[in-house]
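The values are calculated or read from the model by the stated rules, or taken from the named source; none is laboratory data. These numbers were taken from a predicted model, which means no experiment stands behind them. Backbone-built Cβ (ideal geometry, glycine too); neighbour counts: all protein chains shown.
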Amino acid sequence: DVIAVSPNDPDVVAPAMRKAREKGIHVIAWDADAVTDPRSYFVNQSTAQAIAYGMVDTMVQDLGGPEIRAQVAIVTAYLTAANQNIWIEHMKARMADTYPNLELVAIKPSDEDQKMAFKVTQDLMKAYPDIKGFFGISSVSFPGAAEAVKQAGQSGKVMVTGLATPNSMKAYVKDGTVKSVVLWNTGELGYLTVQVGAALAQGTLKAGETTFEAGKLGTKQIKGDHVLLGDILVFTKDNIDQYDF
């Protein structure tokens with residue numbers, strides 16, 4: 001009745017999504033958006049702007065404040081990942097408009113491979129010896145970048161932040177390699193996706209609605225065709241042990 005997709009490359013899965021919709025199957029995207037014409041809704045963690053701004057604001061705080069001049073780089077998963085490309089555009093805008101002392105020197109893919117993210121980060125530290133910060137904007141690139149900084153003996157000197165689960169980054173937070181981890185509640189995102197799919201299958205979610213009753217999560221906002229989970233979370237040494245995912 002329902003198919004939910006989270007594509008690394010939206011164009012690759014688009015033909016299959018269109019075929020499914022032609023057969024009367026409800027198609028939704030979650031976590032990473034797809035080509036919009038074959039899907040009904042995108043179950044989004046938060047707005048792309050809020051996620052991007054959260055990462056940049058966190059980096060600035062970890063570096064010591066907006067007056068700090070610093071070169072930074074982004075290690076992404078794939079250059080074709082639609083959600084990450086949208087985040088990157090908002091990150092660039094946030095730096096240009098609010099934090100002009102941040103200089104974005106590189107954006108590099110890691111092919112959703114932690115070892116590749118490690119190597120990319122190593123190479124960037126060699127190419128930019130004065131670099132002060134890395135954004136790992138996928139759950140694989142973030143720990144890879146953190147491990148590279150740690151092994152280079154730069155923990156606490158070169159900041160690393162980004163998107164990953166608290167469990168995958170807990171050791172790096174506790175040893176001082178990472179000060180802050182940005183994400184959302186992944187379990188709740190999965191739950192919300194199932195709730196949206198069930199409502200579509202049952203015919204209780206209609207186009208044009210602005211709110212959605214999401215079971216134990218309560219009322220969620222719908223903006224256009226995006227069902228929003230809510231605010232981002234920031235995990236630090238003070239609260240990371242409170243989360244287990």
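Quick rundown of the values:
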| quantity | calculated |
| --- | --- |
| Residue count, the stretch 209-219 (criterion: touching a strand residue (DSSP E or B) at 6+ places or on another chain (Cβ under 9 Å) and either crowded, with 20+ Cβ neighbours inside 10 Å or of a type in the set (Gly, Ala, Ser) (or both)) | 2 |
| Index of the failed condition, residue 87 passing every other in (1) farther than 18 Å from residue 145 by Cβ; (2) surrounded by 24 or more Cβ atoms within 10 Å (Cβ to Cβ) | (1) |
| Residues being of a type in the set (A, V, I, L, M, F, W, C) and either farther than 21 Å from residue 187 by Cβ or in a loop (DSSP other than H, G, I, E, B) (or both) - total across the stretch 201-221 | 4 |
| Extreme residue, nearest to the chain's Cα centre (by Cα), among residues of the stretch 23-34 that are buried (at least 18 other Cβ atoms within 10 Å of the Cβ) and assigned to a loop (DSSP other than H, G, I, E, B) | 31 |
| Subset of the stretch 64-98 [out of contact with any Asp or Glu (no Cβ under 9 Å at 6 or more places or on another chain) and in a strand (DSSP E or B)] | 73, 74, 75, 76 |
| Qualifying residue in the stretch 158-170 (condition: free of Cβ contacts under 8 Å to residues at least 24 places away in the same chain and either of a type outside the set (A, V, I, L, M) or within 29 Å of residue 23 (Cα to Cα) (or both)) | no |
| Which numbered condition residue 154 fails, given (1) within 15 Å of residue 133 (Cα to Cα); (2) part of a strand (DSSP E or B) | (2) |
| Residues located in the stretch 13-34, provided they are hydrophobic (A, V, I, L, M, F, W, C) and at pLDDT 95 or above | 13, 14, 16, 17, 20, 25, 27, 28, 29, 30 |
| Subset of the stretch 181-207 that is in contact with a strand residue (DSSP E or B) (Cβ under 8 Å, 6 or more places away or on another chain) and polar (S, T, N, Q) - its residue that is surrounded by the fewest Cβ atoms within 10 Å (Cβ to Cβ) | 185 |
| Residue match in the stretch 218-233 (condition: in contact (Cβ under 8 Å) with a residue 60 or more places away in the chain and closer than 30 Å to residue 119 by Cβ) | yes |
| Residues that are within 25 Å of the chain's Cα centre (by Cα) and in contact (Cβ under 8 Å) with a residue 24 or more places away in the chain, drawn from the stretch 1-22 | 2, 3, 4, 5, 6, 7, 8, 9, 10, 11, 14 |
| Subset tally (residues that are polar (S, T, N, Q), touching a Ser or Thr at 6+ places or on another chain (Cβ under 7 Å) and closer than 28 Å to residue 24 by Cα) for the stretch 197-245 | 3 |
